[in-house]
Amino acid sequence: MSITILKGTVVSAPALGKLDITENGCLVAEDGKITGVFPALPEQYAGAAVEDYGDALILQSFADLHLHAPQYPMLGMGMDLPLLDWLNTYTFPTEARFADPDYAREVYRKLARELIENGTTRVCMFSSLHREATLILMEELEKAGVTGYVGKVNMDRNGIPALQEETEESQRETLRWLEECRDFRHVKPILTPRFTPSCTNELMDFLGKLAAERGLPVQSHLSENTGEIAWVKELHPDCGQYWETYAKYGLWNDRTLMAHCVWSDARERAAMRVAGVTVVHCADSNQNICSGTAPVRVMLKEGLNVALGSDIAGGDHLSMFDVVAASIRASKARRILDGWDTDFLTVAEGWYLGTSAGAAFFGEQPGFAPGNRLHAIVLEDGDLPQPHPLTAAERLERCVYRRQKDAVRAVWSEGRLTFSREKK
């Protein structure tokens, strides 16, 4: 049995808006699974090696539940365009380049390392429609220590000539990809119809049946933009709302992720709550592409599952520290838009959404709960000037908004040390 003991200021988010803080505590794991957080090391672990990080913060690592891997090269580009124009002008041509496996390898290796170095250890990620590039992405993530789900995108209409499949080709390549990715231990497949306008009825029906037959999770987009919603209505006049275009094909259940949901009304939100669908809030992207500001506080009050996504490259930050900060800022904007009738997200709430809420999709309990796999970040903040001696909660808040250079000192993923930097 292997024992991992991390010593420092241990902070976790066991519930929305709550922080558990253990100063000078020990986070203990056996064979990669957490046994507990202790104010002093229990006698049973006497003599075991301790990774003593002094006063550094030991935090849960991040779960990024919506990002587009092939858009990584275009971060920060096309931010003046609305969604559909942005897709055709920048996104589709960029993704078409991933037909080249060598290019895919170069880009995805850098992406995987940047994720780990910023403390993101769990992802739900879109690849492109290219089967070989998707396998390369999964391989590079696994090598770097990133865990989670990756999807080969399906799109057999409304793309561009260089980025669109024939329906039978999409079905065939999806089945082949599922066979070829069986041996990955930590990165698993997720079915990924890009969004309703990108998939014919025949393809959606195929994916729904495949999800049911093989018990596969599903990820896509929902109600991101008003123009998109109108387009979906034209394509599916039999559906009263956008969500029904997924539900009628069996793509709507508690293993479904729907990104954005900016314009989801009370009926659509109720359909998500009843089915157990997880909303992935992508604040940066929604503002950059002028889609709107999702009513996250309303969703939480109504009992929806809500987590966070960087949504690169609509979002312009890969670091989930920045994504948490963006979600808080967006909630403040929403409060103003709602006439000050809704509360904005606190730092503790934003932190929960970026960590525990995302980890729940992978079957984990909130915080550093016993039985969870060890996913943790060691964070230094001692070089920042301080107005007074800071509490652990204040230190966390400052790190969300402003981190010292090379703040992430170590990252643990699935019980493994995947990144380590020497202390200055």
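Could you tell me which label, among (i) 60; (ii) 40; (iii) 45, carries the value of percent of Cα pairs over 30 Å apart calculated for this structure?
Checking each listed value against the structure points to (ii).
What number comes out for the charge environment of E165, summing +1 per Lys or Arg and -1 per Asp or Glu over other residues with Cβ under 15 Å away?
Values: positive: R131, K152, R157, R172, R176, R194; negative: E95, E132, D156, E166, E168, E169, E173, E202.
Counting the neighbours of E165, the net charge comes to -2.
From Cα pairs below 8 angstrom and at least 6 apart in sequence, can you work out the relative contact order of region 170-221, rounded to a whole percent?
41 percent
Tell me which of S356, G227, Y45 sits at the most positive position along the dipole axis of the chain, charges placed on C-beta atoms (Lys, Arg +1; Asp, Glu -1).
Y45
Give me a comma-separated list of calculated 3J(HN,Hα) values for region 70-77, in order, Karplus coefficients 6.51, -1.76, 1.60 applied at θ = phi - 60°, integers in Hz, x for any Gly or Pro.
Whole-Hz 3J(HN,Hα) from phi for region 70-77: x, 8, 3, x, 10, 3, x, 10.
Using the count of nearby Cβ atoms within 10 Å as a rough guide to exposure, how do W231, W252, W351 rank from fewest to most?
With the fewest neighbours first, W231, W252, W351 line up as W231, W252, W351.
Any idea what the relative contact order of region 144-293 is, in percent, if you count C-alpha pairs under 8 Å spaced at least 6 apart?
Once divided by the residue count of region 144-293, the mean separation gives 20 percent.
Greater than 23 Å separation of Cα atoms is the criterion. Which listed pairs, K152/K209; K7/K33; K152/K405, meet it?
K152/K405
Karplus couplings for region 196-201 from phi (6.51 cos²θ - 1.76 cosθ + 1.60, θ = phi - 60°), rounded to Hz, Gly and Pro as x?
3, x, 8, 10, 5, 4
Between K110 and I336, what is the FRET efficiency for a Förster distance of 45 Å, r being their Cβ-Cβ separation, to the nearest 0.05?
Efficiency, from the Cβ-Cβ distance: 0.75.
Return the sequence-ordered ³J(HN,Hα) values of region 401-408 in whole Hz as given by the Karplus equation 6.51 cos²θ - 1.76 cosθ + 1.60 applied to θ = phi - 60°, using x for Gly and Pro.
With the stated coefficients, region 401-408 comes to 8, 7, 10, 6, 4, 6, 5, 6 Hz.
Using the beta-carbon distance between K423 and D31 and R0 = 35 Å, what value does 1/(1 + (r/R0)^6) give for FRET efficiency, to the nearest 0.05?
Efficiency at R0 = 35 Å is approximately 0.80.
Going 7 Å from the Cα of Y103 toward and past its Cβ, which residues in region 125-145 have a backbone nitrogen under 13 Å from where you end up?
128-130, 133
So how much slack lies between T167 and D406, counting 0.36 nm per residue of separation and subtracting their Cα-Cα distance, in nm?
Residue separation times 0.36 nm, minus the Cα-Cα distance, leaves 81.4 nm.
Peptides 187-197, 407-417, 87-97, 117-127: what's the order by average Cβ count within 10 Å, highest mean first?
So the order, starting with the most tightly packed, is 117-127, 187-197, 407-417, 87-97.
Arranged by the count of other C-beta atoms within 10 angstrom, fewest first, what order do I377, I229 take? Let's see the in-between values first.
Numbers: I377 27, I229 17.
Fewest to most other Cβ atoms nearby, the residues stand as I229, I377.
Students often forget the sequence filter, so: which lysines lie under 22 Å Cα-Cα from K301 once same-chain residues fewer than 8 apart are removed?
K18, K332
Going by Cα centres, region 212-264 and region 125-181 are how many Å apart?
Region 212-264 and region 125-181 have Cα centres separated by 20 Å.
Could you work out the relative contact order of the chain, using alpha carbon pairs under 8 angstrom and six or more residues apart, expressed as a whole percent?
Answer for the chain is 20 percent.
In what sequence do Y103, Y149 fall when counting other Cβ within 10 Å, fewest first?
Y103, Y149
For an R0 of 35 angstrom, estimate the FRET efficiency from the Cβ-Cβ distance between D205 and A270 and round to the nearest 0.05.
Taking R0 as 35 Å, the efficiency between D205 and A270 is 0.90.
Treat each spin label as a single point 7 Å out from the Cα along the C-beta direction, and report the R157 to D55 distance in nm.
For the pair R157/D55, the computed spacing is 6.2 nm.
How much length, in nm to one decimal, is gained on full extension between R398 and L41, taken as 0.36 nm per residue of separation minus their Cα-Cα distance?
Fully extending the segment from R398 to L41 adds 125.7 nm.
With each label point set 7 Å from Cα along the Cα-Cβ vector, what nm distance links S2 and A48?
With each label placed 7 Å out from Cα toward Cβ, I get 1.3 nm.
Read-outs throughout are calculated quantities, based only on the coordinates presented, and are distinct from any laboratory measurement. All of these numbers come straight from a predicted model, not from anything done at the bench. When we count neighbours, we look across all protein chains shown, and the Cβ atoms used for this are built from the backbone with ideal geometry, even at glycine.
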